[in-house]
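Enquirer: Once you've had a glance at the structure underneath, I'll fire off some questions.
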Amino acid sequence: MTAEINLDQISKYQKNLDNRKDSKVIERAVTHQGILESSEDFTAEGKMSPVFSIDLSTGKVADQKQSGRCWMFAALNTMRIHLMNTYKVPDDFELSQNYTNFWDKFEKANYFLENVLKTADQPLDSRKVAWLMATPQQDGGQWDMLCALIEKYGIVPKSAMPETFNSNRSSQLNKFLNLKLRHDAVALRELVADKASEAKIAETKDNMMSEVYRMLTYALGEPATKFDFEYRDKDKNYHFDAGITPQEFFKKYVNLNLEDYVSLINSPTDDKPFNKTYTIEMLGNVVNGRPVKHLNLEMSELKKLAIKQLQNGESVWFGSDVGQSSNTKKGIMDTSLYAPDELFDSDLSMSKAERLDYGESLMTHAMVITGVDLVDGQPTKWKVENSWGEKVGTKGYFVMSDDWMNEFVYQFVINKKYLTDEQLEAQKQEPIVLKPWDPMGALA
């Protein structure tokens, strides 16, 4: 049945509006101040004071600037804590985000071209091919993808490969790198259609990757292979380590067994039963590297694990939908911060599962939990280290309400030693493969 809107209906809608005594007051407020400002509850801010019963010292907040590398910043920020605690590096010390960014884009290009070849027999309007071509590569990623990079290329301090114009402002590089990859996709699909030999296809792809490497070097700088690590610690002692490689630096200074850390998600949708593991088709960066793998758990279980890790002095990498019910300037993420449903007198409620199923929410941003406020053993709010510089929040740190975590946090990275025996067994399962466009495959 087709039901178009007629003029009588519009007249009725306007009459209903005119009969509301507060309609003009609300209209004036919203048209001048906007929806969020007009619906903000000032009492919520008072409840989100940045005071926590468990509060880790994590140094100066980093700034990803105009790039989408939050997942990378968050992961490297968790790793630099070991250097701060063990080697007493200064609070403003950072690991090079540009180094991992270089290799991520390089590997994503190769990953994309491999997927182009795998789907070359499918028509251009197939959903998988269309999904591939929509974004050949981008800045975002997930924890396992960062681990795959470090396991292959190691890590370096920021001094060994600092930021460039294009790492700080990634839009131009992404535009032209994606243009090149789509151009290369045309050529590879044509070779497959023409039944070219495997040797010819491999040679063509190798030339393409050489050009990608050149583009990335021009834009991001030549990746460090050996460097000198020089710093003065918090006790003013001078240290110098000459001719160290990225792999050696990671093993000596970061010294984390990445296999100990696993991705746990909370996706309460019908298609993802809890206590099962999942992966996402065509999601990754390093071909034959560490695959993306998630164990789906109840949020109550995730919180217990996060608290255990914090109590042991370790921060927690997490992924969330940061744009929901949050105030960037004040650094507050709280479901009671705004009341647009009351403002519009309209039911805007959706469950977490409904938001995922109907495209209202997904993981958009990765940050680091560095503290929690426990009252009678229960969390009320969490301290969050963001990567948007010190001009937002409390010198870059945000406060997240426990209810906001329930609704908009989707992923934690936890050391396996904190998992129960049942959770460890569940994590070992062979993962169920999800479609490429599944919301759990969203890149932070």
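The values are calculated or read from the model by the stated rules, or taken from the named source; none is laboratory data. Since the structure is predicted, the reported quantities are computational estimates derived from the model, not experimental observations. Backbone-built Cβ (ideal geometry, glycine too); neighbour counts: all protein chains shown. For the accessible areas, the whole protein counts, side chains as well, though only heavy atoms, and no ligand, DNA or RNA atoms are used. Shrake-Rupley method; radii C 1.70, N 1.55, O 1.52, S 1.80 Å.
Enquirer: Scan around THR364 for amide H atoms under 5 Å from its own, H built in the peptide plane at 1.01 Å from N, and keep only partners 5 or more places away or cross-chain.
Expert: Amide H to amide H, under 5 Å and 5 or more residues apart or across chains, THR364 pairs with SER320, ASP321, VAL322.
Enquirer: Please work out whether the chain counts as rounded, prolate or oblate from its C-alpha gyration tensor, where a ≥ b ≥ c are the square roots of the eigenvalues and a/c under 1.5 means rounded, while otherwise a/b larger than b/c means prolate and anything else oblate?
Expert: It is oblate, given that a/c is not under 1.5 and a/b is not larger than b/c.
Enquirer: Hydropathy first: keep DSSP H helices in the chain averaging at least 0.0 on Kyte-Doolittle, then drop any whose Cα extent along the axis falls short of 30 Å, and list what survives.
Expert: Going by DSSP H runs, the hits are 171-193.
Enquirer: Also: What nm value, rounded to one decimal, do you get for the distance between PHE165 and ILE10 when each label is placed 7 Å out toward the C-beta?
Expert: With each label placed 7 Å out from Cα toward Cβ, I get 5.0 nm.
Enquirer: Lys and Arg at +1, Asp and Glu at -1: add these up for the other residues within a Cβ distance under 15 Å of GLU27 and post the number.
Expert: Neighbour charge sum, excluding GLU27 itself: 0.
Enquirer: Amide H to amide H under 5 Å from LYS381: which residues, 5+ apart in sequence or cross-chain, H placed 1.01 Å off N in plane?
Expert: Residues meeting the criterion, in which the H sits 1.01 Å from N, are ASP373, ASP402.
Enquirer: OK, next. Please give the calculated 222 nm ellipticity per residue for the chain, where each DSSP H segment of at least 4 residues contributes -39500 (n - 2.57) and the sum is spread over every residue; nearest 500 deg cm²/dmol?
Expert: -12500 deg cm²/dmol
Enquirer: Want the number for LYS65 to TRP437: 0.36 nm per residue separation, take away the alpha-carbon distance, what's left?
Expert: On the way: separation 372, 0.36 × 372 = 133.92 nm, distance 2.72 nm.
Full extension of this stretch gives 131.2 nm more.
Enquirer: Taking the alpha-carbon distance from LYS417 and a cut-off under 16 Å, which lysines remain once sequence neighbours fewer than 8 residues away in the same chain are dropped?
Expert: LYS303, LYS304, LYS308, LYS428
Enquirer: Still on this structure: Which whole-number percent is the relative contact order of the chain (Cα, under 8 Å, 6+ apart)?
Expert: Normalised by residue count, the contact order of the chain is 24 percent.
Enquirer: Calculate the spin-label point distance for GLU422 paired with THR380, positioning each point 7 Å from the Cα along the beta-carbon direction, and give it in nanometres.
Expert: Once both label points are built, they end up 3.0 nm from each other.
Enquirer: Next question. For the ranges 337-344, 304-311, 418-425, 10-17, what's the packing order if you count other beta-carbon atoms within 10 Å of each residue, average per peptide, and put the highest first?
Expert: Packing order, densest peptide first, comes out as 304-311, 337-344, 418-425, 10-17.
Enquirer: Using 7 Å Cα-to-Cβ label points, what is the ASN85/ALA187 separation (nm, one decimal)?
Expert: Result: 4.9 nm between the two label points.
Enquirer: Here is a further query. Would you kindly derive the ³J(HN,Hα) couplings of the stretch 50-55 from the backbone phi angles with the Karplus curve 6.51 cos²θ - 1.76 cosθ + 1.60 (θ = phi - 60°), listing them in order in whole Hz, with x for Gly and Pro?
Expert: x, 10, 9, 6, 10, 9
Enquirer: I would also like to ask the following. What number, in nm² with one decimal, is the all-direction average of the projected area of the convex hull of the alpha-carbon atoms of the stretch 1-155? The partial results should precede the final answer.
Expert: On the way: hull surface 74.8 nm².
Its average projected convex-hull area is 18.7 nm².
Enquirer: Explain nothing, just the number: dipole magnitude of the chain about its Cα centre with +1 on each Lys and Arg Cβ and -1 on each Asp and Glu Cβ, in debye rounded to the nearest 20.
Expert: Roughly 1020 debye, rounded to the nearest 20.
Enquirer: Can I ask one more? Would you work out which of ALA242, THR364, VAL433 lies farthest towards the positive end of the dipole of the chain, given +1 charges on the beta-carbon of Lys and Arg and -1 on that of Asp and Glu, about the Cα centre?
Expert: Positive-most Cα among the choices belongs to ALA242.
Enquirer: Taking square-rooted eigenvalues a ≥ b ≥ c of the alpha carbon gyration tensor, is the stretch 130-283 rounded, prolate or oblate, where a/c under 1.5 means rounded and, failing that, a/b exceeding b/c means prolate?
Expert: Here the stretch 130-283 falls in the oblate category.
Enquirer: Okay, next question. To the nearest 10 square angstrom, how much accessible area does MET79 have with a 1.4 angstrom probe?
Expert: MET79 has an accessible surface of roughly 0 Å² with all protein chains in place.
Enquirer: Where both partners of a DSSP beta bridge lie in the stretch 48-441, what percent of those bridges are antiparallel, to the nearest 5?
Expert: 80
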